[in-house]
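Below is one structure, written out as structure tokens, with a few remarks after it.
A short reminder: the numbers here are calculations on the coordinates, not readings from a lab. Values in this document were obtained by computation on a predicted structure and should not be read as measured data. So basically every Cβ, Gly included, is an ideal-geometry build from the backbone, and we count neighbours across all protein chains shown.
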Amino acid sequence: MLTPEGMLAGYARGIFPMAEGRGSDELHWIDPRLRGVMPLDGFRISRSLARRIRNGRFEIAIDRTFSEVVALCAAREETWINAPLAALYDTLHERGHAHSLEVREDDTLVGGVFGLTLGAAFFGESMFSLRRDASKVALAYLVDRLRSGGFSLFDTQFLTPHLASLGGVEIPRAEYHARLSKALRGRADFTAPEVPSPQLLLQRRSQTS
């Protein structure tokens with residue numbers, strides 16, 4: 001049975017657990033040959049996404065409803081998040097190693113992303129979107145938070161077309177392990193940065209473009 005300590009040890013070794021499906025009780029360790037990462041200075045904000053952020057319709061919060069974010073990430077026809085994994089995430093959240101960034105519209109949770117932290121590494125687990133561009137907005141605020149909090153590695157595990165369109169890339173396993181080793185020696189704080197205004201977020205992003 002996988003424990004929270006064992007799960008963190010696996011991440012520190014560069015592997016992560018997944019289930020075959022929602023109803024499966026077994027977890028399998030994954031070590032991709034090519035690893036997806038999001039360069040913290042390479043996140044792309046298109047003009048349409050900038051307009052979406054600038055209009056201020058979305059409210060951003062941190063760790064307000066972590067378990068609900070995990071549940072909504074798993075609420076799809078096919079998911080690798082089973083009950084044991086969800087319970088592990090909850091325990092790691094209670095211990096300060098798992099966090100969520102939430103997007104609300106009119107007090108309704110419409111998007112979000114969650115992941116684990118170790119040292120200066122953030123391991124993105126999953127995200128969801130119930131409104132157009134809500135997950136993109138979540139990622140934009142997440143990247144800003146990671147930069148502000150002192151993180152050096154944003155691991156996305158795999159590279160999807162969605163992540164690639166936003167600046168995500170694939171790197172070989174050996175390069176990932178080298179980056180991970182360096183990040184684990186660093187120090188970062190996910191909760192310390194304040195949520196920036198839309199204007200400040202976009203200003204910061206333009207300064208790194």
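Quick notes on this one:
- Computed on the Cα atoms alone, the convex hull of segment 54-167 gives a volume of 112 cubic angstrom per residue.
- Evaluated at q = 0.09, 0.13, 0.15 Å⁻¹: base-10 log I(q)/I(0), Debye formula over Cα of the chain: -0.32, -0.69, -0.94
- Protection proxy ranking, peptides 115-125, 189-199, average beta carbon neighbours within 10 Å, highest first: 115-125, 189-199
- Here nothing in the chain passes the span test, since no DSSP H helix has an alpha carbon length of 24 Å or more along the helix axis and a Kyte-Doolittle mean of 1.6 or above.
- Part-to-part distance (alpha-carbon centres) for segment 150-167 and segment 126-146, which is given in Å: 12
- Global geometry of segment 18-85, whether rounded, prolate or oblate, following the gyration tensor of its Cα atoms and the 1.5 cut on a/c: oblate
- DSSP bridge pairs, segment 4-208: antiparallel proportion in percent, nearest 5: 90
- Packing-based exposure ordering (other Cβ within 10 Å, fewest first) of Asp41, Asp144: Asp41, Asp144
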